[in-house]
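Report on one structure; see the data block that follows.
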Amino acid sequence: MKTVLQRVQRAEVRVDNEIVGRITKGVLALTAVERGDTLEDVRTTARKIATLRIFPDRTPMDRTLQDVGGSCLLVSQFTIAGSVRKGRRPSFDRAEHPDRANELYLALADALRALDVPVETGQFAAHMQVDLVNDGPVTLIIESKNGALV
């Protein structure tokens, strides 16, 4: 499971010009489910998102999403699983089958909520427009395989 995590002042996602998810202070999590990912990868990713110290206090990276009462906008983005190693067209061989990917994507939203993180989501497999104000900017990559951070 790969997630591009961005600290944001605000973010929203639209489908067919309708807002389907919106947050203020928090994180935008663009997440790809890869073949072989499990519920343990979901739990590992959720714990990291909830407890990563990326918000300022005494130092620029001192407080967690939970500490600041922030929210998460979770957007499924299978293209993060893509590879551009060969040729000129990305390969998405590593992306999980859509049914299983959606199951784990929804499980990630539930796992974050279980950690008391308010979560808004995009719409799985839809064409979406994401609007955000990156704060910092702070952008990090979280990758989990077999339940462990890579």
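The values are calculated or read from the model by the stated rules, or taken from the named source; none is laboratory data. Computed from a prediction, not measured in an experiment: that's the story for all the values here. So basically every Cβ, Gly included, is an ideal-geometry build from the backbone, and we count neighbours across all protein chains shown.
Odds and ends about this structure:
- Enumeration of residues in segment 37-74 that are farther than 16 Å from Ala111 by Cβ, part of a strand (DSSP E or B) and touching a Ser or Thr at 6+ places or on another chain (Cβ under 8 Å): Phe55
- No other residue among Ala111, Ala101 is touching a Lys or Arg at 6+ places or on another chain (Cβ under 8 Å), at pLDDT 95 or above and buried (at least 18 other Cβ atoms within 10 Å of the Cβ) apart from Ala111.
- Condition met for Leu73 (surrounded by 13 or more Cβ atoms within 10 Å (Cβ to Cβ), touching a Gly at 6+ places or on another chain (Cβ under 6 Å) and either touching a residue at least 24 places away in the same chain (Cβ under 8 Å) or not basic (Lys, Arg) (or both)): yes
- Extreme residue, farthest from the chain's Cα centre (by Cα), among residues of segment 90-113 that are closer than 12 Å to Phe124 by Cβ and free of Cβ contacts under 8 Å to residues at least 24 places away in the same chain: Asp99
- Residue tally, condition touching a Lys or Arg at 6+ places or on another chain (Cβ under 8 Å) and surrounded by fewer than 22 Cβ atoms within 10 Å (Cβ to Cβ), over segment 76-89: 3
- Any hit, segment 114-135, residues being surrounded by 13 or more Cβ atoms within 10 Å (Cβ to Cβ), at pLDDT 95 or above, part of a helix (DSSP H, G or I) and of a type in the set (Asp, Glu): no
- Enumeration of residues in segment 1-51 that are of a type in the set (A, V, I, L, M), surrounded by fewer than 17 Cβ atoms within 10 Å (Cβ to Cβ) and farther than 18 Å from Gln123 by Cα: Leu39
- Residue check, Thr79 in contact with a Leu (Cβ under 6 Å, 6 or more places away or on another chain) and not basic (Lys, Arg): no
- Residue-level check: of (1) in contact with an Asp or Glu (Cβ under 8 Å, 6 or more places away or on another chain); (2) assigned to a strand (DSSP E or B), Val138 misses just (1).
- Residue in segment 59-70 that is surrounded by fewer than 20 Cβ atoms within 10 Å (Cβ to Cβ) and small (Gly, Ala, Ser) present: yes
- Tally of residues being at pLDDT 95 or above and over 13 Å from the mean Cα position of the chain (by Cα) across segment 66-76: 4
Condition check ((1) over 27 Å from Asp16 (Cα atoms); (2) among the acidic types (Asp, Glu)) across all residues:
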{"position": "Leu73", "(1), (2)": "no, no"}
{"position": "Asp93", "(1), (2)": "yes, yes"}
{"position": "Asp99", "(1), (2)": "no, yes"}
{"position": "Asp110", "(1), (2)": "no, yes"}
{"position": "Ala114", "(1), (2)": "yes, no"}
{"position": "Ala126", "(1), (2)": "no, no"}
{"position": "Leu132", "(1), (2)": "no, no"}
{"position": "Leu140", "(1), (2)": "yes, no"}
{"position": "Lys145", "(1), (2)": "yes, no"}
